[in-house]
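Below is one structure, written out as structure tokens, with a few remarks after it.
The values are calculated or read from the model by the stated rules, or taken from the named source; none is laboratory data. Just so it is clear, the model here is predicted, and its values are computed rather than measured. Cβ: placed from backbone, ideal geometry, glycine included. Neighbour counts: every protein chain shown.
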Amino acid sequence: MGSVTWKSYVKYKFLFLLLLPALAYMIIFNYAPMYGVLIAFKDYSFTKGVWASPWVGFEHFHQLFNASTNFTRILRNTVVISGLKMIFTFGGAIVLALFINEIRSTAFKRITQNISYLPHFLSWVIIGSIMMEMLSPSNGVVNKIIELFGGQTIYFLADKYWFLSIIVASDIWQSIGWGSIIYLAAISGIDPQLYDSAKIDGAGRARQMFSITLPSIANVIAIMLILQVGSILNAGFDQIFNLYNFKVFEVADILDTYAYRAGLEQGNYSLSTAVSLFKNGVGLVLVLIANKIVNRMGHTGLW
């Protein structure tokens with residue numbers, strides 16, 4: 001077996017050479033820094049460094065889970081925002097892909113795809129500025145329209161009841177088009193003869209969508225869902241940070257913003273690392289559970 005493997009290395013040596021830069025990148029930027037998780041179990045001092053800083057065990061995790069940190073509220077906000085995004089953005093990307101696939105005009109289909117992709121290439125700094133201008137209570141176009149119809153000015157970004165809707169809506173606008181790409185690619189791989197047979201049997205476009213298209217891309221949806229479930233504690237730091245303010249802290253403060261304040265504002269890097277380690281640990285467990293459920297249901301999981 002060893003000789004066969006070595007012969008394969010020799011035979012495909014140039015392909016392995018092409019792989020080396022990617023491997024080097026992964027080792028240097030992904031695996032080498034992993035020793036930094038030790039900070040979560042130490043009283044980290046910037047002057048002493050990681051290794052010389054004293055061990056404190058699970059003290060920072062106790063501090064994180066303490067009621068004084070409002071951990072329950074922060075965790076609830078994170079799960080709620082991430083869950084809403086999963087429902088509307090993840091599900092919306094599938095729906096958009098199905099609708100784009102039904103467009104018969106090639107030119108119109110390409111225009112629709114390009115328009116839906118464009119927001120993905122805008123940073124949340126830019127999108128946040130656009131949202132603030134549009135929703136401004138003094139000169140925002142949305143409030144101008146409301147006033148035109150006799151309504152009262154609404155402070156959208158300072159109202160906790162409106163804030164979640166704005167977060168979800170802006171995430172849909174920014175991500176739904178880009179998220180539909182992988183489903184469109186999966187749809188393009190479906191055998192056209194299946195649709196031809198369905199047409200002969202009298203199936204309309206809606207029936208073809210539900211009986212052929214969706215079942216054919218079910219495995220891709222399952223894999224993407226597993227990855228999405230693993231990111232349930234990543235509610236989108238860039239988006240929240242650029243849009244939230246102290247008036248909506250009750251519904252907008254998430255684990256990432258808490259880690260930001262603890263690490264960069266308060267200098268408590270150990271607590272910030274503990275937050276990240278907690279998120280990654282929960283994400284790993286959820287991925288394992290979701291993958292097991294998907295396999296039990298007869299779909300293809302990550303492994």
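Here are the numbers:
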quantity: Members of the stretch 205-223 found to be surrounded by fewer than 16 Cβ atoms within 10 Å (Cβ to Cβ) and not in a helix (DSSP H, G or I), listed by number; calculated: none
quantity: Answer from A186, A222, A203 - the residue that is touching a helix residue (DSSP H, G or I) at 6+ places or on another chain (Cβ under 7 Å), at pLDDT below 90 and assigned by TED's automatic domain parsing to the domain that holds Y117; calculated: A203
quantity: Y155 being of a type in the set (F, W, Y), in the same structural domain as Q228 (by TED's automatic domain parsing), touching a helix residue (DSSP H, G or I) at 6+ places or on another chain (Cβ under 7 Å) and surrounded by fewer than 17 Cβ atoms within 10 Å (Cβ to Cβ); calculated: no
quantity: Counted residues, the stretch 158-201 - those being among the polar types (S, T, N, Q) and surrounded by fewer than 16 Cβ atoms within 10 Å (Cβ to Cβ); calculated: 4
quantity: G57 being loosely packed, with under 13 Cβ neighbours inside 10 Å and either of a type outside the set (V, I, T) or out of contact with any Asp or Glu (no Cβ under 7 Å at 6 or more places or on another chain) (or both); calculated: yes
quantity: Subset of the stretch 76-126 [in contact with a Lys or Arg (Cβ under 9 Å, 6 or more places away or on another chain), aliphatic (A, V, I, L, M) and crowded, with 16+ Cβ neighbours inside 10 Å]; calculated: I100
quantity: Residue in the stretch 216-228 that is over 28 Å from L164 (Cα atoms) and among the small types (G, A, S) present; calculated: yes
quantity: Matching residues in the stretch 131-141 - criterion: being farther than 17 Å from D159 by Cβ and either in a loop (DSSP other than H, G, I, E, B) or within 21 Å of the chain's Cα centre (by Cα) (or both); calculated: N139
quantity: A107 under 24 Å from A252 (Cα atoms) and at pLDDT 90 or above; calculated: no
quantity: Unmet criterion (only one of (1) within 25 Å of T89 (Cα to Cα); (2) without any contact (Cβ under 8 Å) to a residue 60 or more places away in the chain) for G151; calculated: (1)
quantity: Residues satisfying the stated conditions in the stretch 100-129, i.e. in a helix (DSSP H, G or I), aliphatic (A, V, I, L, M) and either touching a residue at least 12 places away in the same chain (Cβ under 8 Å) or not assigned by TED's automatic domain parsing to the domain that holds Q208 (or both); calculated: I100, I115, L118, V125, I127
quantity: Spans of helices (runs of 4 or more DSSP H) in the stretch 142-204 with at least 1 residues touching a Lys or Arg at 6+ places or on another chain (Cβ under 8 Å), under 20 Å from L118 (Cβ atoms) and among the hydrophobic types (A, V, I, L, M, F, W, C); calculated: 160-179
quantity: Helices (runs of 4 or more DSSP H) contained entirely in the stretch 1-68, each with at least 2 residues that are of a type in the set (V, I, T) and in contact (Cβ under 8 Å) with a residue 40 or more places away in the chain; calculated: none
quantity: Test: residue in the stretch 91-99 that is assigned by TED's automatic domain parsing to the domain that holds S170 and under 26 Å from Y260 (Cα atoms); calculated: no
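Listed here are the residues, each with its yes/no results for (1) assigned by TED's automatic domain parsing to the domain that holds G49; (2) more than 27 Å from V168 (Cα to Cα); (3) in a loop (DSSP other than H, G, I, E, B); (4) aromatic (F, W, Y).
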position: F249; (1), (2), (3), (4): no, no, no, yes
position: G267; (1), (2), (3), (4): no, yes, yes, no
position: S270; (1), (2), (3), (4): no, yes, no, no
position: S276; (1), (2), (3), (4): no, no, no, no
position: V282; (1), (2), (3), (4): no, no, no, no
